[in-house]
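Here's the structure, in structure tokens; my notes come after.
Since every read-out is calculated from the coordinates, none of them should be taken as a lab result. In this text the structure is predicted, and so the values were computed from the model without any measurement. Note: ideal-geometry Cβ built from the backbone for every residue, glycine included; neighbour counts use all protein chains shown.
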Amino acid sequence: MKINFLENLIGSGFYTGYVNKASGTFGSLAALLIYLIPGFENPTIMIFFISFFIVIGVPIAIKFENKYGPDPKEYTNDEVIGMWLTLLFVPKKIWWIVIGFFIWRFLDIVKPFPAKQLEKVKNGWGVLLDDIAAGIYSFIILQLLIYVFNLITK
């Protein structure tokens with residue numbers, strides 16, 4: 001199965017998957033830069049792109065796994081999705097964005113239960129599901145921090 005230009009662009013997280021070291025971090029940074037585009041933080045827009053990248057990401061993940069092996073570092077679309085999940089409904093303030101980035105990267109690397117177990121799912125889904133789970137964990141933690149901060153500062 002050949003990977004075409006668009007599949008490569010999306011699957012590699014805008015070519016960040018081809019960075020030699022820390023490709024996941026660079027994929028997350030690419031997602032963050034897209035998030036900074038004015039208006040992208042609109043939940044309707046974000047949910048559309050998260051959903052779209054998941055739906056097209058699964059068959060692309062299969063192609064990347066066939067070419068590069070299981071859960072390849074070249075496939076960073078999952079980091080893009082996880083970063084966007086983390087930033088969903090977040091006030092567009094630099095400190096929340098930076099905190100969200102670090103929470104996301106930590107949980108993406110650690111992969112707390114059951115995220116790590118989701119990597120075993122077949123047919124491209126395992127590549128995405130562990131990062132979707134870590135993105136949901138990051139979202140919950142960041143939302144709780146924002147809530148507590150707002151309670152304290154009122």
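Things worth noting here:
- Highest-MSF residue in the chain out of 144, 87, 32 [GNM, Cα springs under 10 Å]: 144
- For residue 64, neighbours were defined as the other residues whose beta-carbon sits under 11 Å from its Cβ, and their charges (Lys and Arg +1, Asp and Glu -1) total -2.
- Residue with peak Gaussian network fluctuation, the chain [Cα springs, cutoff 10 Å], from 60, 97, 140: 140
- At most 16 other Cβ within 10 Å, DSSP loop - trypsin sites (Lys or Arg not before Pro), the stretch 1-91: 2, 21
- The stretch 5-152: radius of gyration and largest Cα-Cα distance (Dmax), Å: 14.6, 51
- Note that the stretch 46-57 has calculated 3J(HN,Hα) couplings of 5, 5, 4, 5, 4, 4, 4, 5, 6, 4, 7, x Hz, one per residue in order, obtained from phi through the Karplus relation 6.51 cos²θ - 1.76 cosθ + 1.60 (θ = phi - 60°); glycine and proline are x.
- Length added when fully stretched, residue 98-residue 144, from 0.36 nm per residue minus Cα-Cα: 15.0 nm
- Net charge, residue 124 excluded, C-beta distance under 15 Å - Lys, Arg +1, Asp, Glu -1: -4
- Residue pairs, from the table 92/122; 67/111; 63/111, whose Cα atoms sit over 28 Å apart: 92/122
- Counting charges near residue 112 (Lys, Arg +1; Asp, Glu -1) among other residues having Cβ under 15 Å from its Cβ returns a value of -1.
- Restricting the stretch 98-127 to trypsin sites (Lys or Arg not before Pro) in coil, as DSSP defines it, with at most 11 other Cβ within 10 Å: 120, 122
- Helix 77-87 vs. the chain, principal-axis angle (Cα, 0 to 90°, nearest 10): 10 degrees
- Spatially proximal aspartates and glutamates relative to residue 73 (Cα-Cα < 16 Å; intrachain offsets below 8 disregarded): 7, 65, 108, 119, 130, 131
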